[in-house]
Structures are given as structure tokens and as C-alpha cells.
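Enquirer: The structure under discussion is supplied below as C-alpha cells; questions concerning it will follow.
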Amino acid sequence: MPITTFREYYLKILKEEHSDLCSKAILKALYPLSKIYGFVVKTRIFFYKRGLLKSVRLPIPVISVGNITLGGTGKTPVVEYIAHYLQKKGKRVAILSRGYAATIQQERGSLDNTICNDEHLVFQENIPDIPHLLNKDRVQSGLRAISQFQAQYVLLDDGFQHLRLERDMNIVTIDTLNPFGFGHIIPRGMLREPLEELRRANLFILTHTDQCSHDKIQFIIDQLHTIAGRVPVVETVHRPIGLEALQCPEMIDIAVLQGKRVFAFCAIGNPESFRKSIESLGGKLLNFHAFPDHHVYTASELGTLNAAAKRIGAEVIIVTQKDHVKIKNTFESWSLPLWTLKIEVHVTKGYEIFENKMNTILN
């Protein structure tokens with residue numbers, strides 16, 4: 001079963017938790033590759049800033065939600081939160097995504113391409129009345145959102161590095177569990193571009209703030225202000241709202257998780273946050289498997305996971321919604337209850353800041 005032992009080893013190396021010669025040699029080998037990649041990224045940004053590469057402006061406001069690090073920063077629930085916010089204000093909104101790792105065959109009658117990714121399926125479940133367009137050319141999909149769906153606003157999902165499309169607001173999500181990508185550009189670290197590019201941001205949204213200390217949160221805010229000036233910061237948590245059984249769509253109270261013997265698996269960018277959520281709800285986590293982000297499970301893998309859960313005496317198997325949408329038709333694979341932990345973004349500090357920023361776009 002392809003558990004990401006390499007990924008875990010790679011992260012430990014980046015954290016410099018390994019002091020052996022092999023790990024040090026790997027870090028030294030990654031450093032020049034990081035410099036080369038960084039040079040390419042900086043050159044591209046320079047070309048856009050000087051107008052050598054042209055950006056396109058849509059005739060409606062564009063709000064970008066992105067990040068500066070690889071891995072899960074909790075960006076997708078933030079996009080959903082903002083889409084809901086605009087919809088409640090009576091605005092027609094569409095979401096534009098590149099469609100990274102789109103390998104899943106959709107059912108007939110879908111609005112967009114027949115091939116999609118897990119994030120697209122999550123949006124279909126949670127916000128089915130908001131169009132979500134997958135296209136590498138997001139200028140083209142933006143124009144389609146206007147002509148076909150009469151969109152008044154578009155949300156550019158994972159758009160911080162997508163410089164071809166001009167935006168009216170740059171929102172950057174910062175995961176408090178790993179805010180600055182170990183201080184290096186990939187592959188030596190997990191930064192997608194240099195930290196000084198955070199100066200392009202108009203708003204920072206800190207995620208998973210309930211999973212780290214107050215001192216660390218303040219340190220992150222201080223660092224952001226040092227890098228980007230007085231760009232406002234909003235603090236959020238990914239709040240569990242309930243559990244959903246595979247066989248029944250009715251929500252189960254999360255209180256039932258207290259003391260349960262749990263086997264969990266996921267294929268998300270930040271598995272550690274999922275692990276901490278289960279433990280914070282009182283689940284007794286017997287075993288936890290993390291697959292690569294966007295992994296599409298095979299029937300054989302699901303059977304192996306079910307057998308492993310039975311073998312260790314688990315009472316229930318728990319997955320994320322991003323996993324659920326890929327396995328929701330696999331009833332025959334499970335001899336134990338399979339529950340999905342449903343979450344939503346909740347602003348814990350700075351809601352007025354968020355609302356004021358949104359009003360500058362709405363007005």
C-alpha cells in the first residue's frame with residue numbers, strides 16, 4: 001500500500017530533524033536546485049511587473065485566493081466561505097480553478113469537463129449552485145463564467161501565482177502549522193516563490209489557528225508585517241461541524257467520537273491537521289495513513305485499509321470530505337462504519353477586517 005513514507009521522510013529532512021550524513025547530503029543537493037527554480041520564478045515575476053508578459057483584466061471583479069507554500073493551507077474551504085459570503089450578498093459568483101490533478105471521471109450531465117479533481121467534487125457537494133470551471137486558461141474560463149452564467153464576481157482558486165489574470169484583491173492563506181515553507185523555495189523548502197512576494201497580498205487569512213499556540217500566531221503575524229507591511233490579518237479555524245456516514249447522509253453529532261477507537265486515512269495536502277482534529281474531538285486514534293494529495297484510491301487499496309482497521313480493533317474509519325467524494329460509491333469495501341468529518345471555516349478574529357475588505361469590492 002503506497003503510504004507516503006518518502007513524503008514523511010522528506011518533511012523531516014526539511015525540518016532538519018535528521019542529522020545523519022545522508023540527510024545532510026540531500027539538503028545540500030536540494031539547495032542549488034532550489035536556487036535554479038527560484039531564479040526561474042523571479043524572472044517570470046519580473047517579466048509580468050515590467051509588462052513583458054501581459055496580464056488580462058476581466059470586466060468584472062476578480063478575487064484571488066492562494067498561498068505561497070506547497071501543501072494544504074486550508075485554501076479550498078476559504079474559497080467556499082467567500083463564495084457563500086458573496087452569494088448571501090445577492091451576487092452571482094463563479095469559481096475558476098486550474099484543475100490540478102484532474103483524473104476523476106464525472107457523471108454525465110456535469111456543467112464542465114468530464115474529467116475533474118477531488119476539490120471540484122467537494123464544491124459540487126457543498127455549493128452546487130455556484131459554477132466551478134476547470135481550465136488551465138483561466139482568462140477563457142472567466143469569460144465563459146460571464147457569458148454562460150452571468151457571473152458578477154469570480155473567485156480565482158489557487159490564484160496567487162497566476163499572474164496572467166489581473167485581480168482586484170489578493171487573499172493569501174497562511175497555514176499556521178507551516179507558515180513559511182521552511183524558509184526555502186522548493187525543493188529545498190516548500191515555498192512556491194520568495195517570501196518578499198507576499199507584498200502583493202491585500203489580505204492574509206491564517207488557518208488552523210486552534211492547532212498552535214498564541215505566541216506562535218503572534219510571531220507569524222509579526223513576520224508577515226515585517227515582510228509585507230501592514231497588510232491586515234484575519235484568523236480562522238477549520239471547525240468540525242459533524243460526521244456523515246457513508247450509508248446515510250444525515251449528520252452525526254461529533255460528540256459520538258469521544259472515546260471511539262479510530263482508524264483514519266486521507267489524501268490531502270495537510271494530513272497533520274486532520275490528525276489533530278480527530279484527536280481534539282476525543283477520538284482514540286489507533287492508526288493513521290496519509291496518501292499523497294489528490295490520490296485516487298483503487299479497490300485493492302480500500303480493501304487493504306478496511307482489513308487493517310479490522311485487524312487493530314477499530315470501531316470506525318474516518319476520512320475527510322475530500323476523500324469521501326472519491327469513495328462514496330464503495331459500500332462493498334467496508335465492513336466497519338465509515339464516517340466523513342465535515343468541517344467549515346470559521347473566522348475567530350478579524351471578521352470586521354474581512355467584511356471591510358469585501359465591501360471595497362462590493363461597493
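Enquirer: Given the conditions (1) in contact (Cβ under 8 Å) with a residue 24 or more places away in the chain; (2) in contact with a Leu (Cβ under 9 Å, 6 or more places away or on another chain), and given that V256 satisfies all but one, which numbered condition is not satisfied?
Expert: (1)
Enquirer: Moving to a separate point now. List the residue pairs whose Cβ atoms are under 7 Å apart, where the first residue sits in the range 116-136 and is under 19 Å from L246 (Cα atoms), the second is assigned to a loop (DSSP other than H, G, I, E, B), and the two are 6 or more positions apart or on different chains.
Expert: From residues that are under 19 Å from L246 (Cα atoms), the pairs are D118/H294.
Enquirer: Now for a separate question. Of the residues R98, R138, which single one is among the basic types (K, R), in contact with a His (Cβ under 9 Å, 6 or more places away or on another chain) and either under 23 Å from T207 (Cα atoms) or modelled with pLDDT under 90 (or both)? Quick ask: steps written out before the conclusion?
Expert: Numbers: R138 fails: either under 23 Å from T207 (Cα atoms) or modelled with pLDDT under 90 (or both).
Testing whether each residue is among the basic types (K, R), in contact with a His (Cβ under 9 Å, 6 or more places away or on another chain) and either under 23 Å from T207 (Cα atoms) or modelled with pLDDT under 90 (or both) leaves just R98.
Enquirer: Among P187, P232, which is the only one that is of a type outside the set (G, A, S), modelled with pLDDT under 95 and either open to solvent by 20 Å² or more (accessible area, probe 1.4 Å) or over 20 Å from the mean Cα position of the chain (by Cα) (or both)? Walk me through it before giving the result.
Expert: Numbers: P232 fails: modelled with pLDDT under 95.
Residue meeting the stated conditions: P187.
Enquirer: Please count how many residues of the range 171-205 are more than 24 Å from V154 (Cα to Cα) and in a helix (DSSP H, G or I).
Expert: 5
Enquirer: Further question on the same structure: Have a look at Q150, Q140, Q218 and point out the one that is of a type outside the set (D, E, K, R) and within 30 Å of R239 (Cα to Cα).
Expert: Details: Q150 fails: within 30 Å of R239 (Cα to Cα); Q140 fails: within 30 Å of R239 (Cα to Cα).
Unique residue meeting the criteria: Q218.
Enquirer: Among the residues of the range 51-85, which ones are within 22 Å of N126 (Cβ to Cβ) and of a type in the set (D, E, K, R)?
Expert: Answer for the range 51-85, where residues must be within 22 Å of N126 (Cβ to Cβ) and of a type in the set (D, E, K, R): K75, E80.
Conditions (1) surrounded by 15 or more Cβ atoms within 10 Å (Cβ to Cβ); (2) touching a Cys at 6+ places or on another chain (Cβ under 9 Å), marked per residue:
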{"residue": "F288", "(1), (2)": "yes, yes"}
{"residue": "D293", "(1), (2)": "yes, no"}
{"residue": "Y297", "(1), (2)": "yes, no"}
{"residue": "K310", "(1), (2)": "no, no"}
{"residue": "E315", "(1), (2)": "yes, no"}
{"residue": "Q321", "(1), (2)": "yes, no"}
{"residue": "E332", "(1), (2)": "no, no"}
{"residue": "L338", "(1), (2)": "yes, no"}
{"residue": "L341", "(1), (2)": "yes, no"}
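Enquirer: Could you count how many residues in the range 240-255 are out of contact with any Gly (no Cβ under 7 Å at 6 or more places or on another chain) and surrounded by 15 or more Cβ atoms within 10 Å (Cβ to Cβ)?
Expert: So the count comes out to 5.
Okay, residues lined up against (1) modelled with pLDDT under 95; (2) out of contact with any Pro (no Cβ under 8 Å at 6 or more places or on another chain); (3) crowded, with 18+ Cβ neighbours inside 10 Å:
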{"site": "P32", "(1), (2), (3)": "yes, yes, no"}
{"site": "I36", "(1), (2), (3)": "no, yes, no"}
{"site": "P59", "(1), (2), (3)": "no, yes, no"}
{"site": "V62", "(1), (2), (3)": "no, yes, yes"}
{"site": "G74", "(1), (2), (3)": "yes, yes, yes"}
{"site": "P77", "(1), (2), (3)": "yes, yes, yes"}
{"site": "V93", "(1), (2), (3)": "no, yes, yes"}
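Enquirer: Separate question: State the number of residues belonging to the range 141-166 that are of a type in the set (S, T, N, Q), outside any loop (DSSP other than H, G, I, E, B) and either under 23 Å from the mean Cα position of the chain (by Cα) or within 12 Å of V56 (Cβ to Cβ) (or both).
Expert: Here is the first cut: in the range 141-166, the residues of a type in the set (S, T, N, Q) are 141, 147-148, 150, 152, 161.
Now drop any that are not outside any loop (DSSP other than H, G, I, E, B), which leaves 141, 147-148.
Add one more test, that the residue is either under 23 Å from the mean Cα position of the chain (by Cα) or within 12 Å of V56 (Cβ to Cβ) (or both), and what stays is 141.
Total satisfying the criteria: 1.
Enquirer: Give the residue, chosen from I174, I205, that is touching a residue at least 12 places away in the same chain (Cβ under 8 Å), touching a Gly at 6+ places or on another chain (Cβ under 9 Å), buried (at least 21 other Cβ atoms within 10 Å of the Cβ) and not charged (D, E, K, R).
Expert: Values: I174 fails: touching a Gly at 6+ places or on another chain (Cβ under 9 Å).
Going through I174, I205 in turn, the sole match is I205.
The values are calculated or read from the model by the stated rules, or taken from the named source; none is laboratory data. These figures come from a predicted structure and were not determined experimentally. So basically every Cβ, Gly included, is an ideal-geometry build from the backbone, and we count neighbours across all protein chains shown. Just the protein is used for accessible areas: all its heavy atoms, side chains included, with ligands, DNA and RNA removed. Shrake-Rupley method; radii C 1.70, N 1.55, O 1.52, S 1.80 Å.
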